[in-house]
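Every read-out reported here was derived from the displayed coordinates using simple, explicitly stated rules and does not represent laboratory data. Computed from a predicted model, the values in this text were never measured in an experiment. Here the Cβ is made from the backbone with ideal geometry for all residues, glycine too, and neighbour counts use every protein chain on show.
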């Protein structure tokens, strides 16, 4: 659908019906558009509570002021990009990400131990946030270098599922903080309106 006479295009209204976040070794490339994340590379953080994922984005700015006209320009000096989630699966991937610790497996006892140290240098990783609005509309945010920057205290009670709340922060460095890969017919048609037309 093209924009109507008032400039509206309701085909671009999106509802993230389902999705999750995957993690991989730092620097892992985003999967090709239209392909699924490779299970050997990308480990899912699984099922989240119904708050979904919160995408935080803020900028540090500096105003350039002139003597005659006040503020004449605003310079962006830094950006902070985060993804906040509340994981419902108590999986090795989730606990390892939450505590910043690798599991120790005891095959004889069939048990797994996490050693929670008083200080930790949290490992860096790549993250892939993927959500869908139907089968044909897939939005992916790829963070090539990120780290857990904040966690929330889990609660253990008989009436509720254990929730592992954490915030993932994009670190960037010399790279981009993140990138969106959008495989969505209506979005593509708006971005490339002349595709397919003959000269």
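Quick notes
- Three-way shape call for the range 1-98 based on the alpha-carbon gyration tensor, with the a/c threshold at 1.5: oblate
- Rg/Rh, computed from the Cα trace of the chain with Rh as the Kirkwood radius, has the value 1.06.
- Taking the C-alpha atoms of the range 113-167, convex hull volume expressed per residue in Å³: 158 Å³
- Here the range 20-42 is scanned for amide nitrogen atoms under 19 Å from the site 7 Å beyond the Cα of residue 57 along Cα-to-Cβ, giving 20-22, 30.
- Extent along principal axes [Cα atoms of the range 75-161; Å; largest to smallest]: 53, 37, 28
- The chain, relative contact order in percent, only Cα pairs under 8 angstrom and at least six apart counted: 23 percent
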